[in-house]
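Quick notes on the structure that follows.
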Amino acid sequence: MSGDNNVAPIIIKRKKVVGGHGHHGGAWKVAYADFVTAMMAFFLLMWLLNATTEKQRKGIADYFTPTIAMARVSGGGHGPLGGESVFAENTLPRMGSGATSLNPQEANAQSGSFNSGEAKGDKGAVEEFMEVQDMLMGRGGESMVADELLEHIMTEVTDEGLVIEFYDTRSARLFDDKGLPTQLLKDLARVLISASAVVTNPIAIEGHTSSYPVVLAENPTWKVSHQRASAFQEILINQGVPEERIHRVTAHADREPAQRNPMDIRNNRLEIVFLRTK
């Protein structure tokens with residue numbers, strides 16, 4: 001027993017471990033909210049730059065320039081970014097060139113805002129555009145277009161000019177599987193040329209396509225839209241339209257769909273624009 005007393009006592013220490021990570025505070029939430037707010041402001045700025053004209057942007061810049069006593073274009077007034085909502089009166093951005101107002105005021109024309117052509121110097125052009133519309137759509141009389149062609153046509157007077165849209169339907173297409181113009185498109189071109197005799201404005205041709213499946217290795221929308229716009233240009237030239245009258249031929253691929261579904265066949269279309277002249 002005496003030998004056991006010489007052995008050092010064994011001491012066991014038990015450490016108490018507390019589980020869980022505890023609360024680290026909400027500072028990261030504030031930083032994240034600031035980031036989201038900054039991104040939203042950035043995209044809003046990009047949209048506003050796309051929806052305004054050069055003169056409007058100049059007016060806004062002058063408004064915030066402290067080095068001049070009076071800006072050439074006031075920051076207040078009527079129209080988009082001029083003291084009213086950009087959504088007022090069905091204001092819509094179009095192709096990055098500005099906005100179209102259905103009920104413009106004369107002050108809009110003076111301040112550089114786009115309008116539907118009601119400025120005094122533009123009434124003659126609008127009347128000519130409306131006459132072409134009436135010929136195509138049969139408003140106020142008989143249409144020069146057969147019913148089977150009429151369902152492929154849509155017209156609209158915008159700030160850019162008279163837009164005439166030819167589009168595919170499920171029953172008839174403008175181009176076949178090989179990309180060649182169908183008889184339908186040739187008939188539509190002949191009707192367009194007859195109506196274009198009313199005006200002498202330069203012509204712009206714009207090609208649009210519906211989206212292709214994402215499984216394709218190469219997206220053909222740019223190539224297809226360019227080929228279709230160029231093919232229609234050749235049709236017009238071959239049928240007597242002077243080549244110098246065609247101001248531009250543009251491909252938009254599937255970037256400006258007419259329908260919400262990007263693969264909708266209705267997005268396959270050509271836009272022919274009788275451009276406003278300054």
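What follows draws every value from the coordinates through simple rules; no lab data is involved. Here the structure is a predicted model, which is why all the values come from computation and not from measurement. In this analysis, Cβ positions are derived from the backbone assuming ideal geometry, glycine residues included, and neighbour counts consider all displayed protein chains.
Farthest towards the positive end of the charge dipole of segment 120-275, among the residues G161, L270, Y212, is the Cα of Y212, using unit charges on the Cβ of Lys, Arg, Asp and Glu. A simple packing score, the average count of other Cβ atoms within 10 Å per residue, orders the peptides 205-213, 250-258 as 205-213, 250-258, with the highest score first. Taking other C-beta atoms within 10 Å as the exposure proxy, W222, W28, W47 rank W28, W47, W222 from fewest upward. Mind checking the dipole of segment 120-275: about its Cα centre, +1 per Lys or Arg Cβ, -1 per Asp or Glu Cβ, Debye to the nearest 20? I would put it at about 340 debye.
Highest-first packing order for the peptide set 234-243, 152-161, 192-201 is 152-161, 192-201, 234-243, based on the mean count of other beta carbon atoms within 10 Å.
Measuring between their Cα centroids, segment 148-216 and segment 235-263 lie 7 Å from each other. What does the extension gain come out to for D264 and Y212, with contour length at 0.36 nm per residue minus their alpha carbon separation? Residue separation times 0.36 nm, minus the Cα-Cα distance, leaves 17.7 nm. Computed FRET efficiency, Cβ-Cβ of K178 and D147, R0 41 Å: what is it to the nearest 0.05? Step by step, r from the Cβ atoms, then E = 0.90.
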